[in-house]
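Below is one structure, written out as structure tokens; the observations come after it.
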Amino acid sequence: MSAAIAAPAGRDVRVISLIGVAHGSSHYYQLAFVTMLLIVRDKVGLSFTDIGLLGGLFYAVSGFGQTVAGFAVDRFGARPILAGGLAVLGVALALISMAHSFAFFAAIAVMGGAGNSVFHPADFALLNASVHQKRLGRAFSIHGLGGSLGWAAAPVMYFLDQHFGPSVAVMIGAIPGLVMSVLVFIHRTDLVDHRVKARAAAEAGTHHASLRELFLQPAILMCLVYFALLAANTVGIQQFAVPAWKSMFGVTESYAAFCLIVFVVGSATGTLLGGFFADRVSRHDIVASVGLLAAAAFTLPVAMMAVSPALLPVILALAGFAGGMTGPSRDMIVRSTTPPGSSGKVFGFVYSGLDIGSFTAPLVFSQFMAGGRPAMMFIVATGLYVVNAGLVALIRQTAPVRCAAAPAE
């Protein structure tokens, strides 16, 4: 009997909690890095363009590194790779206290991006191998929720800077990554090595696809595109929604910021509840498609400015909730396309789409704002929801039959 199947509920809770907080650390450092650049901008002579380039460099390295990290996960095990990534992110943030040139900040961005690249391949390899299959939907929902909470925690850097100054702020900000690194590394009993099953499959004579066969499978390529479009939507809205709504609806900046918070909270709530739903259905493609189409339906009236400012938070909460509900089912779909023993490689490759979308979205959405067409952001967002709903249906149709009921790995 596999470790994942034999795992009691108590151990599953420990694993899910640990990986959820680790994923939250990833999102926390993503935003904390840019936040600290904004804080020290005047002192070290960085322009907003410089900060944009540094943020783009972070995501570019992370995107490329995710596939590389996936191979490392399958070769050396997910637990030490995840622990290393957490430590690297913590140290990278601390190094901001010593940086005084664009080149130094660029080196930190490369270092941080490399550390950030390990999370999806390592996280999902550990969850698949360590958590009972009947709880995987909830595991994926907590994983997604952890990311949202990590983003929400990053603005604490402003308060740390106000009370202690930037140098001490980054040192304090580095502590969570270092602590989590140690916790992940020492939990060798709870965090199961997914490579055990890969070796068992090899001993049983199971066929392993070549890298070309693996990465060029239509279902896996479509998953990559899906995540790139998903991230483009998410990052584009998060970065530019406040000035867009201020312009479109004539509301104050504070009210627009409140609307964004409502949208994010709605998404996090949907993600949490979506995990319980994902554990009780088999057609995850239907759940994801319906949720995405619902999110599109709620986003369209925003794009058309057909809602009053008073109703805007309600519509956004519903749009966020509908989109968030699809998260756990989406992750279950990716899992169903993954051959045994390839969790690290496949999840690393597929989730690099998040970094591709995160890198490109600001370049596109900023042009809508610069051109005085903020509503176009939400017209595009509506279209991306619809396209992704279609991709989900195609992924199920093209996924290899052998993966349709893949055991937890």
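Under a no-solvent Debye model with one identical scatterer per Cα of segment 56-187, what's log10 I(q)/I(0) at q = 0.18, 0.23 Å⁻¹?
-1.08, -1.46
When the distances between all Cα atoms of the chain are binned every 20 Å from zero, what whole-number percent does each bin get?
Bin by bin from 0 Å, the calculated values are 28, 59, 13, 0.
Leaving ligands, DNA and RNA out of it, report the carbon-plus-sulfur percent of the accessible area of the chain at a 1.4 Å probe.
71
Find, among the chymotrypsin sites (Phe, Trp or Tyr not before Pro) in segment 252-356, those assigned to loop by DSSP (not H, G, I, E, B) with at most 12 other beta-carbon atoms within 10 angstrom.
Answer by residue number: there is no such site.
So what is the 222 nm mean residue ellipticity for the chain from helices alone, if each DSSP H run of at least 4 adds -39500 (n - 2.57) and you divide by all residues, rounding to the nearest 500 deg cm²/dmol?
Roughly -27500 deg cm²/dmol at 222 nm, from the helical runs in the chain.
Please return the longest stretch of the chain lacking exposed loop sites, where trypsin sites (Lys or Arg not before Pro) count only if DSSP places them in a loop and at most 15 other Cβ atoms lie within 10 Å.
In the chain, the maximal stretch lacking such sites is 1-187.
Please give the per residue volume of the convex hull enclosing the alpha carbon atoms of segment 1-86, rounded to a whole number of Å³.
That works out to 108 Å³ per residue.
Could you tell me the calculated FRET efficiency between Met98 and Thr189, based on Cβ-Cβ distance and R0 = 35 angstrom, to the nearest 0.05?
0.40
Using Cα pairs under 8 angstrom and six or more residues apart, how large is the relative contact order of the chain, in percent?
For the chain, the relative contact order is 26 percent.
Rolling a 1.4 angstrom probe over the protein heavy atoms, how many square angstrom per residue are accessible across segment 287-333?
35
If you build a Gaussian network model of the chain, linking Cα atoms that sit under 10 Å apart, which residue out of Thr234, Thr189, Thr67 swings the most?
Thr189
The values are calculated or read from the model by the stated rules, or taken from the named source; none is laboratory data. Just so you know, these numbers come straight off a predicted model, no measurement behind them. As a convention, Cβ positions derive from the backbone with ideal geometry for all residues, glycine included, and neighbour counts pool all protein chains shown. SASA here: full protein model, heavy atoms, side chains in, ligands and nucleic acids out. Shrake-Rupley method; radii C 1.70, N 1.55, O 1.52, S 1.80 Å.
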